[in-house]
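Beneath this line is the structure, given in structure tokens, with notes to follow.
The values are calculated or read from the model by the stated rules, or taken from the named source; none is laboratory data. Nothing here was measured: the structure is a model prediction, and the numbers come from that model. Heads up, the Cβs are rebuilt from the backbone with ideal geometry, glycines too, and the neighbour counts pull from every protein chain shown.
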Amino acid sequence: MQTVRGDEAGVERRLVRGLLRCPCSGVLGPWGWARERVIRWLPEPVRPRRGRCRSCLGTHVLVPAVLFVRRAFAGAVIWACVLARAAGSKIVAIGARFGVAASTVASWLRRITGRAPWWRQMLMDVLALVDSRVYLFLPARTVLGDAVAVLDVVLAVLRGWGGQMATLTAWELASHLTRAHLFAPFLNVDGCNTSLLGVRVQTSS
């Protein structure tokens, strides 16, 4: 499973030109498509491309970074619910605000809240790599709030790099670092996916 940014045409161009990499550092080439999925809050169904590594021969679904695996909603609305919860909103109120069933919102928040200590530490490790300056954070009311605060700092640093990073969103960064598994039933992540940074962080899942 790999995450990619950009539209389908852009992903296809990079795949054909050998610009996408496998976790083993091999070059990915075209290898069919995954099944089509309807994603709420996106205008059209999504059919992710698949790539095959020319070195290890492993195959990967190239998941758009605007999504999280095993979730039928766009990452933007999921992240909006996370931010609302971190700000202290109740689950029922969050669901009503964004037009999502309260039980669905609760499932998203249950996943990320349970992983918040791991998530915060991983983000601190990433921050140390992208900016060596020491940051002081005012403690939030929750560990989730702390994690969101660290993500915001990492995002600000990356946007400052300019280029394609200038338009990076919080949910794309969250998806990319966890190979889209942050809200999945099982956190199947071997370390932190920092391929967009040119480095790798090993963390315990």
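What to note about this one:
- Number of residues in the range 29-63 that are closer than 27 Å to Ala106 by Cβ, aromatic (Phe, Trp, Tyr) and either at pLDDT 95 or above or not in a loop (DSSP other than H, G, I, E, B) (or both) equals 0.
- Test: residue in the range 179-190 that is crowded, with 17+ Cβ neighbours inside 10 Å, at pLDDT 90 or above and not in a loop (DSSP other than H, G, I, E, B): no
- Candidate set: the range 55-90, residues that are charged (D, E, K, R) and out of contact with any helix residue (DSSP H, G or I) (no Cβ under 8 Å at 6 or more places or on another chain); chosen: the one farthest from Arg40 (Cα to Cα): Lys90
- Residue selected from the range 64-100 under the condition in a loop (DSSP other than H, G, I, E, B) and touching a Gly at 6+ places or on another chain (Cβ under 6 Å), by the criterion surrounded by the fewest Cβ atoms within 10 Å (Cβ to Cβ): Val66
- Pair list, Cβ under 6 Å, 6 or more apart: the range 121-143 residue in the same structural domain as Val82 (by TED's automatic domain parsing), other residue exposed (fewer than 14 other Cβ atoms within 10 Å of the Cβ) and outside any loop (DSSP other than H, G, I, E, B): Val143/Pro117
- Close pairs (6 angstrom Cβ cut-off, 6 or more residues apart or separate chains): free of Cβ contacts under 8 Å to residues at least 40 places away in the same chain in the range 34-58, in a strand (DSSP E or B) and charged (D, E, K, R) anywhere: Ala34/Arg50; Val46/Arg37
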